[in-house]
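What follows is a single structure, written as structure tokens, with notes after it.
Every number here is computed from the coordinates shown, using simple stated rules; none is lab data. This structure is a prediction, so every number in the text was calculated from the model and none was measured. Ideal geometry is used to build each Cβ from the backbone, glycine not excepted, and the neighbour counts take in all protein chains shown.
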Amino acid sequence: MALITRTPAASPTELRLYRSWLMGPALLLPLVLALAGFAALQRGAPIWPTPLVEAPHRGTVFAADGSVLAEGPAVARRYPNGTLAAGLLGFTGAVQPDGRYGLEGLEYTLDARLQSGEAVHLTIDPTLQAAAESRLADTVLTTQATSGSAVIIEAGTGRVLAAASYPTYDPNAGARSAPDAMINRAFLYQYEPGSVMKPFVVAALLESGRLRPDEVLDTPMHLRVGTRTFRDVVQHDPRLSVHDILRFSSNTGTIDMGNRFTSAELHAWLSAFGFGQEMPLRSTFTRPGLLNAWDRWVPQDHASISIGQSVSTTALQLAAAYSIFANDGRYVSPRLVEDEVVPNPHQVLSPEVAMTIRHMLEYTVESSGLRGSRIPGVTMGGKTGTADIYDNAVGAYVSGDYIVSFAGMFPADRPNVVMVVYVEKPRTSTSSTLVAAPLFRAIGSEVVAHWGIAPGERIVADLD
């Protein structure tokens, strides 16, 4: 049966180019749109064609529990759960010049497999995905933020259990949706993470034998490095233990510790944790973040990178890095498709150092203002982050604009769940303790309710 479908003639690459510019200067959007349209016209294609195309058979996409996420032929594809996992799934349309029917997300990257009629089974737990999307949307809206994301990874296996983005869209509407809503922020949006990076500096120093867990360091309230003055936000004693440097999120203390590394050494360690590196997951689009070559750093760059500025990551990449602490020092590659082939796990830290960091993260939650954000019935460890946002249009950080985040794991002693959440440009509060940590708690509570975790119990996920 021949079906009529309405879809942009601009190729998926051109559409992704357009959406990538949404993260840059807004004034360039008309130019990018014009270029995408011009490229389509150059190929002799109208911008909004309505071709008659035979609907080919297409493989079904299943969630981890066997429920259907996408089904039906390419030009009459159906997404029975509406917006659920839309940023991951993408959508289909009329056949493109390269022979693809998938226009975005997994529908695009796994197009050949799906066109062959082969089913795809994802690691996504639909209950947790729905919970993450709902809680994230509530937080973004109530804090008057612009966007946000949440990623849940099963430690030990690397299975991505949920990857939520807001704003979102209904893939049943396909290309008629707002381009900004189609971005898979969990995997693609690069941002400066802020203080959630500090545990990696501590871990690298411990592993290198250049720091003892019981050391006490000078921690002034402000520190001049190069042309920049770094300040601590929370008032604290002039000398702090390593545990309390993380607890109070001391910038000056972390910078002082980071100076025990040369720039080349710090760069090598952050690269080993996965920052600035291509993600080993190959089933869908990801981005590597940005970690500039160390020989381009000036003194204030070394300091900034130690506290999570002048470096960018994604929620997925950060969750994978935190999984190193949960997995006794091993890096386990995330995977989104159950039969996806990923590199074997490899050791980054010793089990002893990984355990020490877990204890520090638990102490950070239990001994600070984060106590009110603990997940009921389970121990947890984590770290907040509040990062300035760099505006490429003006070439500077924008005063008053922040990304607030929380990265953590539970149960604290033997973690099986690693989660990262962030909220961009909240207006009711710019405190990660008041915005991101409660979001972590809300989603984490749904995980506990869904899996029935007792305090300190190792989670055994049975999602088949």
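Key figures for this structure:
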quantity	calculated
Student exercise, the chain dipole from Lys, Arg, Asp, Glu Cβ charges, in Debye to nearest 20	680 debye
Sparse-neighbourhood loop sites, GluC sites (Glu not before Pro) in the stretch 57-140 - DSSP loop, at most 12 other Cβ within 10 angstrom	Glu118
Cβ-derived FRET efficiency at R0 22 Å, Glu366 paired with Arg239, nearest 0.05	0.55
Potential extension, Ser67-Gln347 segment - 0.36 nm per residue separation minus Cα distance	97.3 nm
Sorted by Cβ density within 10 Å, fewest first, the residues Ser399, Ser134, Ser195, Ser432	Ser399, Ser134, Ser195, Ser432
For the stretch 107-208, alpha-carbon Rg relative to the globular expectation (2.2 N^0.38 Å, N residues)	1.34
DSSP-loop GluC sites (Glu not before Pro) across the stretch 261-347, with at most 12 other Cβ within 10 angstrom	Glu278
For the stretch 335-386, the Rg and Dmax computed from alpha carbons only, in angstrom	15.5, 42
Positive-end extreme of charge dipole, the stretch 129-451 - chosen from Ser429, Phe275, Ala293 (charges on Cβ)	Ser429
Shape call, the stretch 306-418: gyration tensor on alpha carbons, a/c limit 1.5	oblate
Orientation-averaged projected area, Cα convex hull of the stretch 170-249 (nm²)	9.0 nm²
Hull-based mean projected area of the chain, where the convex hull spans the alpha carbons, in square nanometres	21.3 nm²
Counting DSSP beta bridges with both ends in the chain, the antiparallel % (nearest 5)	95 percent
Nearest-0.05 FRET efficiency for Glu265 and His359, computed from C-beta distance (R0 30 Å)	0.75
For the stretch 167-185 versus the stretch 219-281, the gap between their alpha-carbon centres in whole angstrom	38 Å
Difference of contour (0.36 nm per residue) and Cα-Cα distance, Asp180 to Ser429	87.3 nm
